[in-house]
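**Student:** This is the structure I want to talk about, given as structure tokens.
The values are calculated or read from the model by the stated rules, or taken from the named source; none is laboratory data. Note that the coordinates shown come from a computational prediction; the quantities given were computed from them, not determined experimentally. Here Cβ is always computed from backbone atoms with ideal geometry, including for glycine, and neighbour counts include all displayed protein chains.
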Amino acid sequence: MTTADGLPSPLADMEPESRLQSERPQQSDGSQARARIIGDSARLATPTDNAIVTNQGVSVTLRGLRAFYGDAEQVKGVDLEFRANEVTAIIGPSGCGKSTMIRCINRMHEEIPGARAEGEVLLDETDIYDPAVDVVAVRRAVGMVFQKPNPFPTMSVFDNVAAGLRLGGRVRSVGSKAELQAKVESALRGASLWEEVRERLHEPGAGLSGGQQQRLCIARSLAVDPEVILMDEPCSALDPIATLRIEELIDDLKRRVTIVIVTHNMQQAARVADRTAFLLGGELVEVGPTQQIFTTPSDPRTEEYVTGKFG
Amino acid sequence: MSSAGQARLPARFAVSAARRRRDLLARGLILTATVIALVPLALILYYLLRKGLGAWSTSFFSTDPTGNTFFKTSSIGGIKSAILGTIEMVGLAAAMAIPLGTGVAVWLIEYGRDSWFAHAVRYFVDVLTGVPSIVFGLFIYIVLVVGTGSSYGAYKGSFALALLMLPVVTRSAEVILQLIPSGLRESALALGAPRWRVISRVVLPTALPGLITGVLLAIARAAGETAPLLFTAGETLKTNYGLGEFMNALPVQIYRDVTSPTTAVVDRAWGTALTLVAMILLLNLMARLISRRSHVA
């Protein structure tokens, strides 16, 4: 088993697991993700087509993922696939490791002092925990939206969206001011915020309403053209109307990216997710089509949880 | 809720007379304490203005002290050399201490965190904050004056002042950086920003107004110090610009003048003190205006 470059695959020794080896997502070319992460300049998108490239989502596969805070094991060996261009919801009671698990997918988990992760997280075919992988590139490929809307307080609406490009050092590859403006506009349109803020692009981002701020954060992560977006309870600080707008947006975004959303709200999972995974005590109990998880789960614990018997 | 209802207010909702008295007493005590604390402050400002303004004139700012302290007022000179010396020496000290101190704080918060070395650094910074200013002067005197066998010089005074400022800048910057929500750093990191960019483009700009406050405190403290300059920058009346030369400073000028038996010279000390306070106030105002432009929550 070798990869496209003829290198021995890090997966060669692994037991093939039928559940994980399910059909490869049709659209995405594995080399794209790999080139972006390893920094293979030959295969990187050239600056000229960078401005128009809109990535397709890629699949994310967890293999034996374990996450620790110091000695405490919070995620205890999870095998799970998030299919490309689908929305996967992760549900489970508080403290079951949902957030910790998705923070492993863009390597944000290790930012917490004393935290570490074991196992593999494959973006298409590339293990992002491979020592050769540039963690900064991983985070450009895998964006994240947090529970609390957190626009940069010193920056205007425009600068907040441009921040992804500027902070990531991509501004030179974007080129002219006009191109930057085009990218910001497209990201804001992508987050269905453009019409509301086009007149006040240069006002502080913190002056928007909570729901607008959260969409601004989504626009900010869209601007760097990620392949996956992780959402950690993105609506828990929002009112029902703002929540609805974000949910519509999620449905829209999955054409462009793969979405993993952690939620405490089971109605939300039922509304937005193609597939749902139920986590309990750091272990994956069950994963399947959302409809099935909520109506005919195979595990009794899932049934108890989705029918509100605990959690 | 009619006003007539007050008569029928149930006893359990009424404020008891005893609690009303205790409340009045407590309020009275706190107000008294505040007034007592304000008295010296107001008196300082009053005397500074009354005695200091009298000494101010055009020549006060445009001429050097003559050293003549026995004859008529016009011949004692102004404090030009002291003003320029303080600006130059404190400026150089700030140029050294601000980047260095802020850098230490950034390291402590963003990188060192809970390592033993970070704890050691924090401890020594705390110790340095408590070191009397004359000790910094003594240290520079031993190392740069006696140690090199050379004479006094302005840059040596600046080194002493920079040492004095360093722990103040570090400690205040560390406190401010600690207050920056970690969610801000995380969201920047999650955009694929390298850590140095997160620090320089998100963390530091957000912290800027707080950082400026700390820097101003340090500058104000350094500008008011006499002791570290006495045997590092030397004593002179002349205006010197070279950093290797002797240099006058405002606090040194005050120290020298206030011990004089001549009234006019003592008045010059008041004028000098007012100048020093006015300069720090001006710097403070300028910094506030600049930092307000970067609208931070």
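**Student:** Of these, B:170, B:129, which one is hydroxyl-bearing (Ser, Thr, Tyr), more than 14 Å from chain A (Cβ to nearest Cβ) and surrounded by fewer than 22 Cβ atoms within 10 Å (Cβ to Cβ)? Lay out the reasoning, then the answer.
**Tutor:** Working: B:170 fails: surrounded by fewer than 22 Cβ atoms within 10 Å (Cβ to Cβ).
Result of the check over B:170, B:129: B:129.
**Student:** Something else now. Identify, please: which residue in the stretch B:97-120 is surrounded by fewer than 18 Cβ atoms within 10 Å (Cβ to Cβ) and hydrophobic (A, V, I, L, M, F, W, C) and is, among those, farthest from residue B:218 (Cα to Cα)?
**Tutor:** For the stretch B:97-120, the residue satisfying everything is B:116.
**Student:** Let me ask something additional. I need the full set of residues from the stretch A:118-131 which are more than 14 Å from chain B (Cβ to nearest Cβ) and either of a type in the set (Lys, Arg) or in contact (Cβ under 8 Å) with a residue 60 or more places away in the chain (or both), in order please.
**Tutor:** So in the stretch A:118-131, the residues more than 14 Å from chain B (Cβ to nearest Cβ) come out as A:118-122, A:124-127, A:129-131.
Correct list: A:120, A:121, A:122, A:124, A:125, A:126, A:127, A:130.
**Student:** Report yes if residue B:297 is within 14 Å of chain A (Cβ to nearest Cβ), at pLDDT below 90 and either within 23 Å of residue B:164 (Cα to Cα) or surrounded by fewer than 20 Cβ atoms within 10 Å (Cβ to Cβ) (or both), otherwise no.
**Tutor:** On the way: within 14 Å of chain A (Cβ to nearest Cβ): yes; at pLDDT below 90: yes; either within 23 Å of residue B:164 (Cα to Cα) or surrounded by fewer than 20 Cβ atoms within 10 Å (Cβ to Cβ) (or both): yes.
Here the answer is yes, as residue B:297 does meet what is asked.
**Student:** Within the stretch A:56-108, which residues are free of Cβ contacts under 8 Å to residues at least 12 places away in the same chain and of a type in the set (Asp, Glu)? Write out each step before concluding.
**Tutor:** Narrowing the stretch A:56-108 to residues free of Cβ contacts under 8 Å to residues at least 12 places away in the same chain: A:71-72, A:95.
The answer is A:71, and nothing else.
**Student:** Is it fair to say residue B:219 is modelled with pLDDT of 90 or more, β-branched (Val, Ile, Thr), farther than 20 Å from residue B:66 by Cβ and surrounded by fewer than 22 Cβ atoms within 10 Å (Cβ to Cβ)? Write out each step before concluding.
**Tutor:** Details: modelled with pLDDT of 90 or more: yes; β-branched (Val, Ile, Thr): yes; farther than 20 Å from residue B:66 by Cβ: yes; surrounded by fewer than 22 Cβ atoms within 10 Å (Cβ to Cβ): no.
Against the criterion (modelled with pLDDT of 90 or more, β-branched (Val, Ile, Thr), farther than 20 Å from residue B:66 by Cβ and surrounded by fewer than 22 Cβ atoms within 10 Å (Cβ to Cβ)), residue B:219 does not qualify.
**Student:** Within the stretch A:158-172, how many residues turn out to be at pLDDT below 70 and assigned to a helix (DSSP H, G or I)?
**Tutor:** Total meeting the criteria: 2.
**Student:** On to the next question. Could you check how many residues of the stretch A:85-126 are in contact with a Lys or Arg (Cβ under 9 Å, 6 or more places away or on another chain) and on the phi > 0 side of the Ramachandran plot?
**Tutor:** 6
Results for (1) free of Cβ contacts under 8 Å to residues at least 12 places away in the same chain; (2) within 11 Å of another protein chain (Cβ to nearest Cβ), shown as yes or no for each residue.
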site	(1), (2)
A:116	no, no
A:133	no, no
A:149	no, yes
A:167	yes, yes
A:178	yes, no
A:196	no, no
A:214	no, no
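**Student:** Shifting gears a bit: State all residues of the stretch A:93-123 that are of a type outside the set (Ser, Thr, Tyr) and closer than 23 Å to residue A:249 by Cα; if no residue qualifies, say none.
**Tutor:** Correct list: A:98, A:102, A:103, A:105, A:106.
**Student:** Could you tell me which numbered condition residue A:107 fails, if it satisfies all but one of (1) touching a Pro at 6+ places or on another chain (Cβ under 9 Å); (2) within 13 Å of chain B (Cβ to nearest Cβ); (3) modelled with pLDDT of 90 or more?
**Tutor:** In the conditions (1) touching a Pro at 6+ places or on another chain (Cβ under 9 Å); (2) within 13 Å of chain B (Cβ to nearest Cβ); (3) modelled with pLDDT of 90 or more, residue A:107 misses (1) alone.
**Student:** I'd like to verify a number: residues in the stretch A:248-274 that are free of Cβ contacts under 8 Å to residues at least 40 places away in the same chain and among the hydroxyl-bearing types (Ser, Thr, Tyr), how many? Before the answer, list the steps.
**Tutor:** If we filter the stretch A:248-274 for residues that are free of Cβ contacts under 8 Å to residues at least 40 places away in the same chain, which is where we start, we get A:265, A:267, A:270-271.
Still in the list and also among the hydroxyl-bearing types (Ser, Thr, Tyr): none.
Count: 0.
**Student:** While we're looking at this one, here's another question. Is one or more of the residues making up the stretch B:186-194 in a helix (DSSP H, G or I) and either among the acidic types (Asp, Glu) or more than 14 Å from chain A (Cβ to nearest Cβ) (or both)? Even if it seems obvious, please write down each step before you answer.
**Tutor:** Looking only at the stretch B:186-194, we keep the residues that are in a helix (DSSP H, G or I), and these are B:186-190.
Imposing the further condition that a residue be either among the acidic types (Asp, Glu) or more than 14 Å from chain A (Cβ to nearest Cβ) (or both) reduces the set to B:186.
Yes.
**Student:** Read through the list (1) crowded, with 21+ Cβ neighbours inside 10 Å; (2) touching a Phe, Trp or Tyr at 6+ places or on another chain (Cβ under 6 Å), then give the number of the only condition that residue A:222 fails.
**Tutor:** Unmet for residue A:222, out of (1) crowded, with 21+ Cβ neighbours inside 10 Å; (2) touching a Phe, Trp or Tyr at 6+ places or on another chain (Cβ under 6 Å): (2).
**Student:** Further, regarding this structure: Is the stretch B:109-124 home to any residue that is out of contact with any Lys or Arg (no Cβ under 9 Å at 6 or more places or on another chain), part of a helix (DSSP H, G or I) and either closer than 30 Å to residue B:245 by Cβ or in contact (Cβ under 8 Å) with a residue 24 or more places away in the chain (or both)?
**Tutor:** To start, the set of residues in the stretch B:109-124 that are out of contact with any Lys or Arg (no Cβ under 9 Å at 6 or more places or on another chain) comprises B:109, B:113-121, B:123-124.
This time we only want the ones that are part of a helix (DSSP H, G or I), so: B:109, B:116-121, B:123-124.
Checking which are either closer than 30 Å to residue B:245 by Cβ or in contact (Cβ under 8 Å) with a residue 24 or more places away in the chain (or both) leaves us with B:109.
Yes; the residues of the stretch B:109-124 include at least one that is out of contact with any Lys or Arg (no Cβ under 9 Å at 6 or more places or on another chain), part of a helix (DSSP H, G or I) and either closer than 30 Å to residue B:245 by Cβ or in contact (Cβ under 8 Å) with a residue 24 or more places away in the chain (or both).
**Student:** I would also like to ask the following. Would you check if there is a residue in the stretch B:173-180 being surrounded by fewer than 22 Cβ atoms within 10 Å (Cβ to Cβ), farther than 21 Å from residue B:286 by Cβ, away from chain A (no Cβ under 14 Å) and without any contact (Cβ under 8 Å) to a residue 60 or more places away in the chain?
**Tutor:** So far as the stretch B:173-180 goes, yes, one or more of its residues are surrounded by fewer than 22 Cβ atoms within 10 Å (Cβ to Cβ), farther than 21 Å from residue B:286 by Cβ, away from chain A (no Cβ under 14 Å) and without any contact (Cβ under 8 Å) to a residue 60 or more places away in the chain.
**Student:** Residue A:188: crowded, with 19+ Cβ neighbours inside 10 Å and part of a helix (DSSP H, G or I), yes or no? Don't jump to the end; show me each part of the working.
**Tutor:** On the way: crowded, with 19+ Cβ neighbours inside 10 Å: yes; part of a helix (DSSP H, G or I): yes.
Yes: the conditions hold for residue A:188.
**Student:** Looking at (1) touching a helix residue (DSSP H, G or I) at 6+ places or on another chain (Cβ under 7 Å); (2) closer than 26 Å to residue B:140 by Cα, find the lone condition where residue B:234 falls short.
**Tutor:** Checking residue B:234 against (1) touching a helix residue (DSSP H, G or I) at 6+ places or on another chain (Cβ under 7 Å); (2) closer than 26 Å to residue B:140 by Cα, the one that fails is (1).
**Student:** Can you tell which of B:55, B:33, B:14 is small (Gly, Ala, Ser) and in contact (Cβ under 8 Å) with a residue 40 or more places away in the chain?
**Tutor:** B:55
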